[in-house]
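S.K.: This is the structure I have questions about; it appears just below.
The values are calculated or read from the model by the stated rules, or taken from the named source; none is laboratory data. Not measured: the values here are computed from a predicted model. Reconstructed Cβ throughout: ideal geometry from the backbone, glycine too, with neighbour counts over all protein chains shown. For accessibility, only protein heavy atoms count, side chains too; no ligands or nucleic acids. Shrake-Rupley method; radii C 1.70, N 1.55, O 1.52, S 1.80 Å.
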Amino acid sequence: MIENNVEKKQRAVLVAVDTGEYDAQVSLDELEELAVTAGAETAAKVLQKRGGFDPATVIGSGRLSEIAEFCKGDGADLVVFDCELSPAQMRNIEDACGVPVIDRTTLILDIFAQRAVTAEGKLQVELAQLRYRLPRLTGLGGALSRLGGGIGTRGPGESQLETDRRHIRRRIAALQDQLAELEKRRGLLRARRKKEGVTTVAIVGYTNVGKSTLLNALTNAGVLVEDKLFATLDPTSRALSLPDGREVLLIDTVGLVRRLPHQLVEAFKSTLEEAANADLLWCVCDASSDETDEQVAVTRRLMEELGVGDKPMLVLLNKCDLISEAPLLFGERTVLLSAKTGFGFDDLLQKTAAALAPTHRRLRLLIPYDRSGLVNEIMAGGKVFSQEYTPEGTSLDALVDVRILHKVAEFALHGE
């Protein structure tokens with residue numbers, strides 16, 4: 001007998017309440033993308049207009065009865081709400097529907113648990129999950145003993161949910177200590193980069209807009225690319241050469257979504273701080289999407305939360321190969337490009353070089369032999385394009401670190 005080991009996809013009913021606070025339909029569509037990314041298939045989508053959330057069941061009793069009947073009759077085995085649920089609300093809805101119920105935050109946390117690869121990423125996800133679940137222990141009742149796989153159960157495991165708060169708090173403290181140590185190392189790396197004059201450019205933006213594709217196209221980074229939200233979670237750094245001869249460190253960061261759970265912003269703050277410490281931000285968005293403005297706004301809001309809202313930024317309108325006409329641009333610091341075809345790369349690199357503060361200056365120099373020590377300094381902090389020994393001294397075409405310009409200025413023949 002041959003057994004089929006392919007895991008059966010969960011069939012999920014997606015529910016949203018439109019209170020007028022935001023575009024509920026767009027958010028519900030995004031919830032569907034999240035569910036697909038997590039490994040579920042959509043059995044039904046429900047959108048109800050209400051003045052506010054029902055304190056007991058979020059939605060009205062009539063609509064809840066319809067969902068319950070649908071779950072029983074059509075074989076749906078999961079209900080996902082596009083808002084945060086209290087333990088009491090979750091229990092009441094589960095009692096009515098007879099299937100597991102999760103909320104948007106749990107769904108995103110589950111995706112992050114699947115996608116985390118590095119030790120730091122796994123620690124950050126576990127910390128976010130435990131912080132989210134700790135205040136929800138009271139009121140969950142029988143849910144704490146629920147075992148099994150499926151969306152919403154990955155990560156630190158059900159064993160932690162069966163322990164008391166003290167044990168979870170101890171685990172949270174241990175995770176915070178481990179992450180603090182990793183953050184200390186990351187801080188030392190940043191300090192070393194700054195000391196050595198390394199210029200960094202951070203790629204930020206909405207998830208699934210082509211950030212990893214762009215990084216791969218420019219640097220051959222070999223980062224995983226999938227048409228899913230949060231296809232990559234852990235940051236990747238690669239060197240990138242600019243037209244003026246400078247090399248910068250290009251850093252890919254975790255993707256963003258609307259209403260990114262606060263727990264994730266906190267847990268991934270050290271990773272997102274790569275953006276905070278960068279010299280320039282590339283805000284990548286999807287030019288073929290109807291939500292281009294919103295994608296830029298989401299990115300800007302998070303940057304403001306990190307206290308870097310005034311950081312220099314280029315807006316990159318990616319996937320322009322999918323549109324028939326150019327979209328409304330956002331000003332001079334905007335680049336229309338296609339990471340897939342390479343269109344717009346020259347413009348991107350030129351504007352990146354122009355947006356960065358000058359760290360080096362290209363000069364033609366003639367260094368006397370009795371000052372040959374300066375040649376070593378130039379090589380250590382810059383880049384030499386050509387070198388020739390002449391009767392008068394060493395002739396150089398080089399990028400010179402601005403911090404030593406005062407030492408070599410008298411030997412400059414002309415600048416470029």
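S.K.: In segment 86-102, how many are surrounded by fewer than 18 Cβ atoms within 10 Å (Cβ to Cβ) and outside any helix (DSSP H, G or I)?
M.R.: Number satisfying all stated conditions: 2.
S.K.: Okay, next question. Quick check on my filter: what residues within segment 117-136 are open to solvent by 10 Å² or more (accessible area, probe 1.4 Å) and among the hydrophobic types (A, V, I, L, M, F, W, C)?
M.R.: Residues satisfying the conditions are Val117, Ala119, Leu123, Leu134.
S.K.: Let me ask something additional. Among the numbered criteria (1) of a type outside the set (A, V, I, L, M, F, W, C); (2) loosely packed, with under 15 Cβ neighbours inside 10 Å; (3) modelled with pLDDT under 80, which one does Tyr389 miss?
M.R.: (3)
S.K.: Against the condition exposed (fewer than 13 other Cβ atoms within 10 Å of the Cβ), of a type in the set (D, E, K, R), in contact (Cβ under 8 Å) with a residue 12 or more places away in the chain and farther than 26 Å from Val248 by Cα, how does Glu410 come out, does it pass?
M.R.: In short, no.
Condition check ((1) in a helix (DSSP H, G or I); (2) at pLDDT below 80) across all residues:
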position	(1), (2)
Thr106	yes, no
Val125	yes, no
Leu144	yes, yes
Leu147	no, yes
Gly150	no, yes
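S.K.: Continuing with the same structure: Residue pairs, Cβ under 6 Å, 6 or more apart or interchain, first in segment 61-77 and free of Cβ contacts under 8 Å to residues at least 24 places away in the same chain, second open to solvent by 20 Å² or more (accessible area, probe 1.4 Å). List them.
M.R.: Short answer, once both residue conditions are applied: Arg63/Gln48.
S.K.: Another question, then. Using beta carbons and a limit of 8 Å, which pairs, at least six apart or on different chains, have the first residue in segment 371-382 and in contact (Cβ under 8 Å) with a residue 24 or more places away in the chain and under 14 Å from Thr359 (Cα atoms) and the second one in a helix (DSSP H, G or I) and open to solvent by less than 40 Å² (accessible area, probe 1.4 Å)?
M.R.: Ile378/Ile404; Ile378/Val408; Gly381/Ile404
S.K.: Checking the structure you have, find out if any residue of segment 359-378 is touching a Pro at 6+ places or on another chain (Cβ under 8 Å), open to solvent by less than 50 Å² (accessible area, probe 1.4 Å) and either part of a strand (DSSP E or B) or on the phi < 0 side of the Ramachandran plot (or both).
M.R.: no
S.K.: If Leu64 satisfies every condition in (1) in a strand (DSSP E or B); (2) in contact with a Ser or Thr (Cβ under 7 Å, 6 or more places away or on another chain) but one, which is the exception?
M.R.: Status for Leu64: all satisfied but (1).
S.K.: Filter segment 295-313 down to the residues that are open to solvent by 20 Å² or more (accessible area, probe 1.4 Å) and touching a residue at least 40 places away in the same chain (Cβ under 8 Å) and list them by number.
M.R.: Glu305, Pro312 - these are the residues of segment 295-313 that are open to solvent by 20 Å² or more (accessible area, probe 1.4 Å) and touching a residue at least 40 places away in the same chain (Cβ under 8 Å).
S.K.: In segment 1-20, which residues are at pLDDT 85 or above, in a loop (DSSP other than H, G, I, E, B) and either under 25 Å from the mean Cα position of the chain (by Cα) or not hydroxyl-bearing (Ser, Thr, Tyr) (or both)?
M.R.: Gly20
S.K.: Does Phe343 satisfy the criteria of being touching a strand residue (DSSP E or B) at 6+ places or on another chain (Cβ under 9 Å), at pLDDT below 80 and open to solvent by 60 Å² or more (accessible area, probe 1.4 Å)?
M.R.: So Phe343 does not fit the description; no.
S.K.: Could you check how many residues of segment 21-47 are open to solvent by 30 Å² or more (accessible area, probe 1.4 Å), part of a strand (DSSP E or B) and not acidic (Asp, Glu)?
M.R.: 3
S.K.: Among the residues of segment 303-311, is any under 20 Å from Arg259 (Cβ atoms) and in contact with a strand residue (DSSP E or B) (Cβ under 9 Å, 6 or more places away or on another chain)?
M.R.: Checking segment 303-311: at least one residue is under 20 Å from Arg259 (Cβ atoms) and in contact with a strand residue (DSSP E or B) (Cβ under 9 Å, 6 or more places away or on another chain).
S.K.: Test Val209 against the criterion of being surrounded by 20 or more Cβ atoms within 10 Å (Cβ to Cβ) and within 22 Å of Lys383 (Cβ to Cβ), and give yes or no.
M.R.: no
S.K.: Being within 25 Å of the chain's Cα centre (by Cα) and either outside any helix (DSSP H, G or I) or under 30 Å from Lys211 (Cα atoms) (or both) is true for just one of Val335, Val400. Which residue is that?
M.R.: Only one candidate qualifies: Val335.
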